[in-house]
Amino acid sequence: MSPRPKKQRRCEGQFYGRAFKPTGISLVNLKQIVLFRDELEALKLCDFEGLFQEQAGEKMGVSRGTVQRILTSARRKTAEALATGAALIFAEEDN
């Protein structure tokens, strides 16, 4: 059995291809953690705009449970980057 196809997620902004890193250290010398576009969108909607996960799911076109899984991954990656001094690389999507 093959897995169910990934549902298209609605995301605003054009952040992919950019990075967030500590100053003074070249990007090639840092551990790079990839943050996908849907993860950044979930962080923005829930943590920055203060929406509930159900509201964020409606905006993104996915279920509340999917938003919860995306948000958990995004928060873990962001916390790791901040705690270890790694770079966050913004990517278009997970393939």
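The values are calculated or read from the model by the stated rules, or taken from the named source; none is laboratory data. Since the structure is predicted, the reported quantities are computational estimates derived from the model, not experimental observations. Cβ placement follows ideal geometry from the backbone for every residue including glycine, while neighbour counts extend to all protein chains displayed.
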> Which one of these is at pLDDT 95 or above and over 13 Å from the mean Cα position of the chain (by Cα): Leu30, Leu45?
Replying inline: Leu30
> Can you name the residue in segment 22-46 that is surrounded by fewer than 15 Cβ atoms within 10 Å (Cβ to Cβ) and in contact (Cβ under 8 Å) with a residue 24 or more places away in the chain and is also farthest from Gln68 (Cα to Cα) among such residues?
Replying inline: Ile25
> Does Val62 satisfy being among the aliphatic types (A, V, I, L, M), over 20 Å from Lys21 (Cα atoms) and part of a helix (DSSP H, G or I)?
Replying inline: no
> What are the residues in segment 47-80 that are under 18 Å from Phe90 (Cα atoms), surrounded by 14 or more Cβ atoms within 10 Å (Cβ to Cβ) and among the small types (Gly, Ala, Ser), if any?
Replying inline: Ser73, Ala74
> What pairs come up if the first residue lies in segment 80-92 and is under 18 Å from Glu41 (Cα atoms), the second is part of a loop (DSSP other than H, G, I, E, B) and of a type in the set (Phe, Trp, Tyr), and their beta carbons are under 6 Å apart, counting only those six or more places apart or on different chains?
Replying inline: Phe90/Phe15; Phe90/Tyr16; Ala91/Tyr16; Glu92/Tyr16
> Given the residues Ala56, Ala79, Ala74, Ala83, which is the only one that is in contact with a strand residue (DSSP E or B) (Cβ under 9 Å, 6 or more places away or on another chain), assigned to a helix (DSSP H, G or I) and at pLDDT 95 or above?
Replying inline: Ala74
> Within the bounds of segment 87-94, is there any residue that is of a type outside the set (Val, Ile, Thr), surrounded by 18 or more Cβ atoms within 10 Å (Cβ to Cβ) and in contact with a Pro (Cβ under 9 Å, 6 or more places away or on another chain)?
Replying inline: yes
